Structure formats: structure tokens, C-alpha cells
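Notes follow once the structure below has been shown.
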Amino acid sequence: MHTINELKCTFPARSENESFARTMVCAFAAQLDPTVEELADLRTAVSEAVTNCIVHAYRNTGTGSITVTVRLLPDSVIYVRIADKGCGIADIAQAMTPLYSSAPAEERAGLGFTVMQSFTDRLAVTSKPGRGTAVTMRKKLLHGSEQETGG
């Protein structure tokens with residue numbers, strides 16, 4: 001699929017960079033004039049994916065990096081790919097079940113894939129144990145002006 005615009009950024013897997021990642025994605029998406037609700041959906045999905053990298057892929061060690069790629073595709077579709085080179089996921093189907101966590105001793109509500117699915121139109125997860133994980137999300141933005149005018 002043809003890419004209209006793209007942004008790619010790699011940063012350390014540190015908790016303070018989670019807010020940077022979601023702000024960056026939303027700032028990039030702003031060129032489509034999204035609604036506040038659409039931005040909130042993107043922000044939440046990105047937050048869940050980046051937090052997974054920090055907490056699960058790198059076990060809160062502050063080591064490793066996260067790469068976020070954001071693309072503007074035709075028909076106002078935003079593509080977001082969040083990837084790490086951490087521990088990976090052995091069983092993606094199990095990891096995508098609600099409330100599953102690779103860190104059950106911590107008070108967490110799972111890996112957040114259900115949340116990501118609810119805020120995006122398409123979610124794909126690829127992973128190799130010992131090599132890392134990539135979460136790819138797509139969301140069609142309806143534009144604030146089109147929603148207000150009904151068309």
C-alpha cells in the first residue's frame with residue numbers, strides 16, 4: 001500500500017518515554033484533523049503497546065530500545081508499528097487473551113492487546129522468543145470536519 005507520509009523514531013525503553021511515544025503518534029496523526037475521541041483512541045493503543053515493551057519485553061530494566069513507525073496511508077488510515085528486540089512472546093494467542101500477563105506477580109491487567117484491539121480497526125502481533133515483538137495497528141480516521149457535517 002502506498003505511503004503518503006512516514007515518521008520513524010527509536011528511543012530507550014524507559015517508562016518516561018511512553019508519554020513521548022503517544023504524543024508523537026498523535027502529533028503526526030493531527031495532519032488528518034482527527035476528532036478528540038480518535039486521538040484518545042490512538043493515544044491509549046500506543047500507550048498499551050509501548051508499556052508492553054518496557055514492562056514485558058525488557059522487564060522494566062531500562063535497557064533496550066523501542067522503534068515506533070507511523071505512516072499515513074490513503075483513505076485517512078494511520079498505521080502504527082511498535083517494535084522491540086526484547087524477550088519475545090512464545091504463544092501469541094495466549095498472550096492476547098484478556099488478563100494474561102507475563103509478569104503475574106505484578107498488579108497488571110494483562111498485556112493490553114484487548115484494549116489495543118478495541119481502539120483500532122486492525123491489530124497484528126508478530127514475535128520470536130529471544131528476538132522481540134512487533135505490534136502493528138491500523139485506524140481509519142474520519143476527520144473532525146467530516147463527522148461534524150455528516151459527510
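Classify region 1-49 as rounded, prolate or oblate from the Cα gyration tensor: take a ≥ b ≥ c as the square roots of its eigenvalues, call it rounded if a/c is under 1.5, otherwise prolate when a/b beats b/c and oblate if not.
Working: a/c = 2.25, a/b = 1.28, b/c = 1.76.
Verdict is oblate for region 1-49.
Once the piece of chain linking R59 and D121 is laid out straight, how much longer is it, given 0.36 nm per residue of separation minus the C-alpha distance between them? It would help to have the intermediate numbers written out before the result.
Numbers: separation 62, 0.36 × 62 = 22.32 nm, distance 2.87 nm.
Residue separation times 0.36 nm, minus the Cα-Cα distance, leaves 19.5 nm.
Which value, in debye to the nearest 20, gives the size of the charge dipole of region 5-144 about its Cα centre, when Lys and Arg are +1 and Asp and Glu are -1 at the Cβ? Present the calculation step by step, with values, prior to reporting the outcome.
Working: 15 positive and 14 negative charges, 98 e Å.
Approximately 480 debye in magnitude.
Could you work out the local net charge near D41, counting Lys and Arg as +1, Asp and Glu as -1, over the other residues with Cβ closer than 14 Å to its Cβ? Intermediate results must be reported in sequence, preceding the final value.
On the way: positive: R22, R43, R122, R138, K139, K140; negative: E37, E38, E48, D121.
Here the count lands on +2.
Give me the net charge of A21's neighbourhood, meaning all other residues with Cβ under 13 Å from the Cβ of A21; Lys, Arg count +1, Asp, Glu -1.
Values: positive: K8, R14, R22, R43, R81; negative: E16, E18, E48, D84.
Overall, the nearby charge balance is +1.
Hey, in the GNM for the chain with a 10 angstrom Cα cutoff, which one of A49, A27, A134 fluctuates hardest?
A27
Give me the one-decimal nm value for the distance between modelled label points at E37 and L142, 7 Å along each residue's Cα-to-Cβ direction.
So the two model labels end up 0.6 nm from each other.
For Rg and Dmax of the Cα atoms in Å, one of (1) 14.2, 43; (2) 16.8, 66; (3) 15.4, 50 was computed from the structure I shared and the rest are decoys. Which label?
(3)
Please return the longest stretch of the chain lacking exposed loop sites, where GluC sites (Glu not before Pro) count only if DSSP places them in a loop and at most 12 other Cβ atoms lie within 10 Å. The partial results should precede the final answer.
Values: sites that count: E16, E106, E107.
The reported range is 17-105.
Would you look at the GNM of the chain, springs on alpha carbons closer than 10 Å, and say which of V25, V36, V50 moves the most?
V36
Rounded to the nearest 500 deg cm²/dmol, what is the calculated helix-only ellipticity per residue at 222 nm for the chain, with -39500 (n - 2.57) per DSSP H run of length n ≥ 4? It would help to have the intermediate numbers written out before the result.
On the way: 5 runs with 47 residues, N = 151.
Helix contribution divided over all residues of the chain: -9000 deg cm²/dmol.
How high is the relative contact order of region 5-144, in percent, counting Cα pairs under 8 Å that sit 6 or more residues apart?
Working: 287 pairs, mean separation 38.9, N = 140.
Over region 5-144, the number comes to 28 percent.
Around A90, with a cut-off of 12 angstrom between Cβ atoms, what is the net charge of the other residues, counting Lys and Arg +1 and Asp and Glu -1? Mind showing how you got there, number by number?
Numbers: positive: K128, R131; negative: D91.
Local net charge: +1.
None of the figures in this text is laboratory data; all of them are computed from the coordinates on show. The structure displayed is predicted, hence computed values, not measured ones. Here the Cβ is made from the backbone with ideal geometry for all residues, glycine too, and neighbour counts use every protein chain on show.
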